[in-house]
Each structure stands twice: as structure tokens, then as C-alpha cells.
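Q: The structure follows.
Since every read-out is calculated from the coordinates, none of them should be taken as a lab result. Only a predicted model underlies this, so the values are computations on that prediction, with no experimental measurement involved. Positions of Cβ are backbone-derived with ideal geometry, glycine not excepted, and every protein chain shown enters the neighbour counts.
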Amino acid sequence: MSYSIQLFTVETKEKEQAANDDSFFDREENLAPFTEKQVSGLKERLLKYKFELAKEDDFGLHFSHPDEDFGNVLLTDKGLYFNANLSESSIFEVGMTASEFTDTGEFAKYDPQNEGWEEF
């Protein structure tokens, strides 16, 4: 088991809030894609946070971190998915990292285990 936190475009957040649909995230077409610049920026930022590219496949770019408290990350063309261990320290580190990635105003943090969208 793991704890999942997701990052999407602000456009996806607005669409989800307007949809009032519990199955919104079940349909990939609902998710607004990242621009090439955003994907490149997210990849670069993950590397600066000492995440290492583990593999690339049809799902996207998979990153791991030497400190297991930072979990694993999957970067797709529509989302950035953080997976933490179920330890309190891992959930904290992953949550803080995901929040820091929203500082540009382009992205919104979604925590399905904790009330959904992070509000500032």
C-alpha cells in the first residue's frame, strides 16, 4: 500500500470542480495535458530534488529517490503522481514536495486521501 498525491494543471482542477462528478479522474480525457515546457520544467525540478530517472515506458517517466521517505514519482503528459510509503515521515515529505511544486501557480495539488484539492 502507498499514499498517493497528484499534481495537475490548474485547468484540470477547475474542470473537476465544475464537473461535480465522482468518477472525473477515471476518464483520462478529463485531464488537461501539460505543455512541453511544463513537462520539461517538472522533470528538471524533480532532478534538482535529487530524484533519479529510473525508467521510461508507455506510462511515462518513473523517478525514484535515494531517501525512501520521498517515495516514487510518475510523470505523465497529464499528471505528476507522487507515491509515499505509509510512514508518517514519508507522507509528510511527499506532501511538502508536491506543495512546493505548486509555487509557480501552474499546478494544483490533489490529495485523494485528504479532502482533495489543496487550498492556499
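Q: For the list (1) without any contact (Cβ under 8 Å) to a residue 12 or more places away in the chain; (2) in contact with a strand residue (DSSP E or B) (Cβ under 7 Å, 6 or more places away or on another chain), I need the number of the one condition that residue 3 fails.
A: (1)
Q: Taking strands (runs of 3 or more DSSP E) that do not extend beyond region 15-120, which have at least 3 residues that are touching a residue at least 40 places away in the same chain (Cβ under 8 Å) and crowded, with 16+ Cβ neighbours inside 10 Å? Give the derivation first.
A: Details: elements: 52-57, 60-64, 72-75, 80-84, 107-111.
By residue number, 80-84, 107-111.
Q: Which members of region 16-70 meet the condition of being among the aliphatic types (A, V, I, L, M) and more than 28 Å from residue 88 (Cβ to Cβ)? Write out each step before concluding.
A: First, pick out the residues of region 16-70 that are among the aliphatic types (A, V, I, L, M): 18-19, 31-32, 39, 42, 46-47, 53-54, 61.
18, 19, 31, 32, 39 - these are the residues of region 16-70 that are among the aliphatic types (A, V, I, L, M) and more than 28 Å from residue 88 (Cβ to Cβ).
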